[in-house]
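Enquirer: Sharing a structure, written as structure tokens. Questions coming.
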Amino acid sequence: QVQLVESGGGLVQPGGSLRLSCAASGSIFSIYDMGWYRQAPGKQRDRVASITGVGNTYYADSVKGRFTISRDKSKNTVYLQMNSLKPEDTAVYYCNTVPARAGVWGQGTQVTVSS
């Protein structure tokens, strides 16, 4: 049974930072590329960043230069460092493989950027 558990979200002021973590169980972490996705109210879920097994990264234009994805294979964990946060970054953030697997979405972690 594959499980993904996201954590680290919260309320932060514009310009602030947060670090999200995603702990993965099972063999999923060592096999697949991993990504962070987000879904704002009324919008579709989109991938914002991803990382391959050898460390190649992808970032959506909206977060490029502000977000950094990384992974620690020894801990089966993928991280998303988010700096210079904007109100439009407000969303529920999820991790999953790339491409995403329908049956392994976690509960997500809420990020709210507001003054």
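The values are calculated or read from the model by the stated rules, or taken from the named source; none is laboratory data. Predicted model, so just to flag it, every value in this text is computed and none were measured. Note that each Cβ is placed from the backbone with ideal geometry, even for glycine, and that neighbours are counted across all protein chains shown. All accessible areas refer to the heavy atoms of the entire protein, side chains included, with ligands and DNA or RNA removed. Shrake-Rupley method; radii C 1.70, N 1.55, O 1.52, S 1.80 Å.
Enquirer: Scan segment 65-78 for residues that are of a type in the set (D, E, K, R) and closer than 18 Å to residue 14 by Cβ and jot them down.
Expert: 66
Enquirer: Same structure again: Residues of segment 101-115 being more than 12 Å from the chain's Cα centre (by Cα) and surrounded by 14 or more Cβ atoms within 10 Å (Cβ to Cβ), which ones?
Expert: Once the filter is applied, which keeps residues that are more than 12 Å from the chain's Cα centre (by Cα) and surrounded by 14 or more Cβ atoms within 10 Å (Cβ to Cβ), segment 101-115 yields 104, 112, 113.
Enquirer: Ok, one more. Check whether at least one residue in segment 107-115 is modelled with pLDDT under 95, over 17 Å from residue 3 (Cβ atoms) and out of contact with any strand residue (DSSP E or B) (no Cβ under 6 Å at 6 or more places or on another chain), and report yes or no.
Expert: Checked segment 107-115: no residue is modelled with pLDDT under 95, over 17 Å from residue 3 (Cβ atoms) and out of contact with any strand residue (DSSP E or B) (no Cβ under 6 Å at 6 or more places or on another chain).
Enquirer: Do we have residue 56 as loosely packed, with under 15 Cβ neighbours inside 10 Å and of a type outside the set (A, V, I, L, M, F, W, C) here? Steps first, please.
Expert: Details: loosely packed, with under 15 Cβ neighbours inside 10 Å: yes; of a type outside the set (A, V, I, L, M, F, W, C): yes.
It is true that residue 56 is loosely packed, with under 15 Cβ neighbours inside 10 Å and of a type outside the set (A, V, I, L, M, F, W, C).
Enquirer: From the list 62, 25, exactly one residue is free of Cβ contacts under 8 Å to residues at least 40 places away in the same chain and of a type in the set (Ser, Thr, Tyr). Which is it? Write out each step before concluding.
Expert: Details: 25 fails: free of Cβ contacts under 8 Å to residues at least 40 places away in the same chain.
Being free of Cβ contacts under 8 Å to residues at least 40 places away in the same chain and of a type in the set (Ser, Thr, Tyr) holds for just one of 62, 25, which is 62.
Enquirer: Would you mention how many residues in segment 26-46 are open to solvent by less than 40 Å² (accessible area, probe 1.4 Å) and at pLDDT below 95? Step through it out loud before you land on a result.
Expert: Taking segment 26-46 first, the residues open to solvent by less than 40 Å² (accessible area, probe 1.4 Å) are 28-29, 34-38, 40.
After this cut, where a residue has to be at pLDDT below 95 as well, the list is 28-29, 34.
Counting residues in segment 26-46 that are open to solvent by less than 40 Å² (accessible area, probe 1.4 Å) and at pLDDT below 95 gives 3.
Enquirer: So in segment 79-100, with the set limited to residues that are touching a residue at least 60 places away in the same chain (Cβ under 8 Å) and farther than 17 Å from residue 11 by Cα, which one is surrounded by the most Cβ atoms within 10 Å (Cβ to Cβ)?
Expert: So, considering only residues that are touching a residue at least 60 places away in the same chain (Cβ under 8 Å) and farther than 17 Å from residue 11 by Cα, the one surrounded by the most Cβ atoms within 10 Å (Cβ to Cβ) is 95.
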